[in-house]
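Enquirer: For reference, the structure I am asking about is given below.
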Amino acid sequence: MKNFLLALATGLLLALAWPTYGFPLLLFFGFVPLLLATHNLNTKAAKSPKLKIFGLAYVAFFTFNIITTWWLYNSTPFGMWFAVLANALLMTFVWMLYVRISKRFSNRLSLVFLVALWMLYEFMHLNWEFAWPWLNLGNAFATYTGWIQWYEYTGTFGGTLWVWVLNALLFQALLAFKETKKIKQLSIQIAIAFGIILIPIGISQLILANYIETENPVEIVLLQPNIDPYTEKYNTTNERIADLLFEEAFKTLTPSTDYLIAPETVLAEGAGVDLRNFEFSTEKEKATSFLSNYPNLNYLAGIQFYRVYNDKAATLPTSNYVGKDRIGNPIWADFFNSAFLLNASDSTQIYHKSKLVVGVENFPYQSILKPVLGDVMLDLGGTVSMKTTQENRVAFTGTDGTKVGPVICYESVYGDFVTGYVQEGAQFLAIITNDAWWGNTQGHKQHLNYARLRAIETRRSIARSANTGISAFIDQKGAITKELGYGLRGSLKGTINTNDRLTFYVRYGDYLAKLAFIPASILLLLSFFKKAK
């Protein structure tokens, strides 16, 4: 029971540290109870210690996952349970690898392995097809941006490393105290721990105090139509949606407004708009007519495109079989979750979302799983269809030459991925999203605050247009300067500064996670040549 309570304490501490209701200081010792429980079972002649440790670790990580991401239930109960149970299991596998190493190496080397392995686990969650980086530890500081201004050098992996260094230090201090009972030694270790917490915060405060945005103002109007995706969005014509958007825009736009930004897939009638015929579509015609009143305005919005194939040989791995035509010939189609930019020029700029929601927009490892599962999709919220992506990020160019990165929804959770827009020349970021699937829960609040991390990492101001909210402006220091609350319909006008400078993180990405591969792989390899203690 003691070990069970220790494991449960870890789960609760990690959950209570999470944004947007938690306090991240708890993370710095959140893993210590589970480390102690693991040590208790690992060093005694307990019956089936590995099985018991597995159970305790799963209790801890299930508790962490369910408390922080239960809101997925509002979009799909099955998807929520899959995400929670599977991610807790992955975390437990990481823990069990640490248990293996701890029987073969010193406590210090074992903790080095655990820290490195956890970072690799988070890196995997950013890059494999079952990607779910929502609970990567560095995200937990999203509402305490005054602590992490140095993310422009490290990204969120700097936060993960910070958390684990403190947990490892405090765990070792407690073990030493249990053996020696020396309060002075324990006090020194605790003082060092406080220093490791306070020094990065102090550095962050210095960066914050000295960071001054260059004045390169862009005036932007954000649209928040507040359309229910379950009852209205896909049953309303694009013409009616456009009328609603432009009606709201007229209330706020001025001749000096540079950008008008509307949410993700705000135009999504039926199957969407034929990509090959968009130039001649009523959607573009209506937007062009509106823009004729504002010759300097750039209109950026989300849209669902499709592209039809009658020849299977021309299809892509992501193409969907959609049925037969009138004479019985099979039809396939690609679907795109896209952004477009229109202005007074004749050209249309288009980007297709490329970090997709698992199960909703992509079928992970389709060639392996589809023969087993058929067309089963794990609906984590949204319309269920395979989406087609593009290889590279783009930066849209406005009438005045400014460049904007069109970040679509879930993409904003991926730090290194977002740097791709900046490397393409983006001087500010436009995040367009639809967070209404989860209702008024922590989900949309967490998603908003993760955008603040991207602002710090790239030192790019962010204009965020969300269907039901929260639409917001975020400055280059990660502060929300203006917002329109959840569940409201309206428009929000603000001015942000553009920036051309490339941060260290933009240049080198998730280098900390890649460096973690070195100690993790060396220790794992050596473990096969050492006998368990």
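Enquirer: From A301, A313, A333, A268, which residue is farther than 24 Å from T402 by Cα, among the small types (G, A, S) and under 25 Å from the mean Cα position of the chain (by Cα)?
Expert: Among A301, A313, A333, A268, only A268 is farther than 24 Å from T402 by Cα, among the small types (G, A, S) and under 25 Å from the mean Cα position of the chain (by Cα).
Enquirer: Inside segment 322-372, can you point out the residues that are at pLDDT below 80, outside any loop (DSSP other than H, G, I, E, B) and exposed (fewer than 14 other Cβ atoms within 10 Å of the Cβ)?
Expert: Scanning segment 322-372 gives S367, I368, L369, K370, P371, V372.
Enquirer: Of all residues in segment 16-48, how many are of a type outside the set (A, V, I, L, M), in contact (Cβ under 8 Å) with a residue 60 or more places away in the chain and in a loop (DSSP other than H, G, I, E, B)?
Expert: Residues flagged as of a type outside the set (A, V, I, L, M), in contact (Cβ under 8 Å) with a residue 60 or more places away in the chain and in a loop (DSSP other than H, G, I, E, B) within segment 16-48 amount to 6.
Enquirer: Among the listed residues K482, K477, K493, K514, which satisfies the condition of being at pLDDT 95 or above, among the charged types (D, E, K, R), out of contact with any Lys or Arg (no Cβ under 8 Å at 6 or more places or on another chain) and under 30 Å from S106 (Cα atoms)?
Expert: Just one listed residue meets the conditions, K514.
Enquirer: Looking only at segment 277-288, which residues are touching a strand residue (DSSP E or B) at 6+ places or on another chain (Cβ under 6 Å) and more than 17 Å from F246 (Cα to Cα)?
Expert: S281
Enquirer: While we're here: Taking the stated definitions as given, is Y230 assigned to a helix (DSSP H, G or I), more than 30 Å from A479 (Cβ to Cβ), within 28 Å of the chain's Cα centre (by Cα) and not β-branched (V, I, T)?
Expert: Here the answer is no, as Y230 does not meet what is asked.
Enquirer: Can you find a residue that is assigned by TED's automatic domain parsing to the domain that holds G146 and part of a loop (DSSP other than H, G, I, E, B) anywhere in segment 49-64?
Expert: Checking segment 49-64: not a single residue is assigned by TED's automatic domain parsing to the domain that holds G146 and part of a loop (DSSP other than H, G, I, E, B).
Enquirer: Count, please, the residues in segment 416-463 that happen to be within 15 Å of N392 (Cα to Cα) and either among the charged types (D, E, K, R) or buried (at least 24 other Cβ atoms within 10 Å of the Cβ) (or both).
Expert: Number satisfying all stated conditions: 7.
Matching residues to (1) of a type in the set (D, E, K, R); (2) under 21 Å from V221 (Cα atoms); (3) assigned to a loop (DSSP other than H, G, I, E, B):
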site: Q390; (1), (2), (3): no, no, yes
site: V418; (1), (2), (3): no, no, no
site: L453; (1), (2), (3): no, no, no
site: G494; (1), (2), (3): no, yes, no
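Enquirer: With respect to G146, determine if the residue is within 13 Å of the chain's Cα centre (by Cα) and either within 23 Å of T63 (Cα to Cα) or not hydrophobic (A, V, I, L, M, F, W, C) (or both).
Expert: Criteria not met by G146.
Enquirer: Among (1) of a type outside the set (A, V, I, L, M); (2) under 16 Å from M386 (Cβ atoms); (3) modelled with pLDDT under 90, which single condition is D311 missing?
Expert: Among (1) of a type outside the set (A, V, I, L, M); (2) under 16 Å from M386 (Cβ atoms); (3) modelled with pLDDT under 90, the lone unmet condition for D311 is (2).
Enquirer: Of the conditions (1) surrounded by fewer than 16 Cβ atoms within 10 Å (Cβ to Cβ); (2) farther than 22 Å from G420 by Cα, N167 clears all except one; give me its number.
Expert: Status for N167: all satisfied but (1).
Enquirer: Here is a list: F28, F54. Which entry is under 31 Å from the mean Cα position of the chain (by Cα), among the aromatic types (F, W, Y) and more than 16 Å from V99 (Cβ to Cβ)?
Expert: None of the other options fit; the residue is F28.
Enquirer: Restrict the check to segment 464-482 and report whether at least one residue is within 15 Å of the chain's Cα centre (by Cα), crowded, with 24+ Cβ neighbours inside 10 Å and basic (K, R).
Expert: Scanning segment 464-482, I find at least one residue that is within 15 Å of the chain's Cα centre (by Cα), crowded, with 24+ Cβ neighbours inside 10 Å and basic (K, R), so the answer is yes.
Enquirer: Among S256, S204, which is the only one that is outside the structural domain of S471 (by TED's automatic domain parsing), among the hydroxyl-bearing types (S, T, Y) and out of contact with any His (no Cβ under 7 Å at 6 or more places or on another chain)?
Expert: S204
Enquirer: So A513 fits all but one of (1) in contact with an Asp or Glu (Cβ under 9 Å, 6 or more places away or on another chain); (2) of a type in the set (A, V, I, L, M, F, W, C); (3) within 24 Å of Q427 (Cβ to Cβ); what number is the exception?
Expert: (3)
The values are calculated or read from the model by the stated rules, or taken from the named source; none is laboratory data. Everything quoted here is computed from the prediction, not taken from an experiment. Please note: Cβ atoms are built from the backbone with ideal geometry, for glycine as well, and neighbour counts cover all protein chains shown.
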